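Read-outs throughout are calculated quantities, based only on the coordinates presented, and are distinct from any laboratory measurement. These numbers come from a predicted model, not from an experiment. Here the Cβ positions follow ideal geometry from the backbone for every residue, glycine too, while neighbour counts run over all protein chains shown.
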Amino acid sequence: MAAAPKIQFEVVTPQKLVYSEKIDKLEAPAIDGLIGIWPKHAPLVTAMKIGVVRVVKDGEESQIAISDGFMEVQPDKINLVVRTAELPDQIDIDRAKSAKERAEERLEKERDNIDFARAEASYDRALARLKAAGHQDHGYDRL
């Protein structure tokens with residue numbers, strides 16, 4: 001029996017190559033909603049939003065917290081280029097929880113302030129980190 005097809009997946013930030021593996025499939029937060037990619041996928045380029053990328057490799061699922069960027073898909077390779085990307089073991093849970101709390105406070109106070117978008121992005125990044133690190137809680141379903 002032939003091995004199931006794989007697709008090369010690379011996650012790159014301005015600082016470094018974060019992830020590079022042959023995977024079975026992934027689910028990622030594209031700007032228009034979640035997108036699933038399997039080997040031999042049709043070519044595509046899409047903008048990405050803050051969230052969590054779910055990767056399946058050899059039947060095991062892992063998650064990567066990402067910020068905004070873009071994804072290029074070819075039948076044999078996926079390039080994800082984002083501002084930030086963190087694997088679960090790289091996430092500081094206490095820092096993410098603190099960032100979430102600070103962002104919640106700013107969101108409650110600053111509805112009419114121009115920094116609302118920044119606070120909302122900070123909140124979304126904190127949620128993505130917590131979700132990728134496996135800290136499921138009420139309110140994390142936003143991503």
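On the stretch given as the stretch 69-111, residues that are over 15 Å from the mean Cα position of the chain (by Cα) and either charged (D, E, K, R) or within 23 Å of ARG54 (Cβ to Cβ) (or both) total 21.
Mind checking whether some residue in the stretch 33-42 is more than 28 Å from SER122 (Cβ to Cβ), without any contact (Cβ under 8 Å) to a residue 40 or more places away in the chain and among the aromatic types (Phe, Trp, Tyr)? Within the stretch 33-42, one or more residues are more than 28 Å from SER122 (Cβ to Cβ), without any contact (Cβ under 8 Å) to a residue 40 or more places away in the chain and among the aromatic types (Phe, Trp, Tyr).
Within the stretch 20-53, the set of residues being surrounded by 18 or more Cβ atoms within 10 Å (Cβ to Cβ) and either aromatic (Phe, Trp, Tyr) or closer than 18 Å to ILE91 by Cα (or both) comprises ILE50, GLY51, VAL52, VAL53.
Scanning the stretch 54-90 for residues that are surrounded by fewer than 15 Cβ atoms within 10 Å (Cβ to Cβ) and charged (D, E, K, R) yields ASP58, GLU60, GLU61, GLU72, ASP76, LYS77, ARG83, ASP89.
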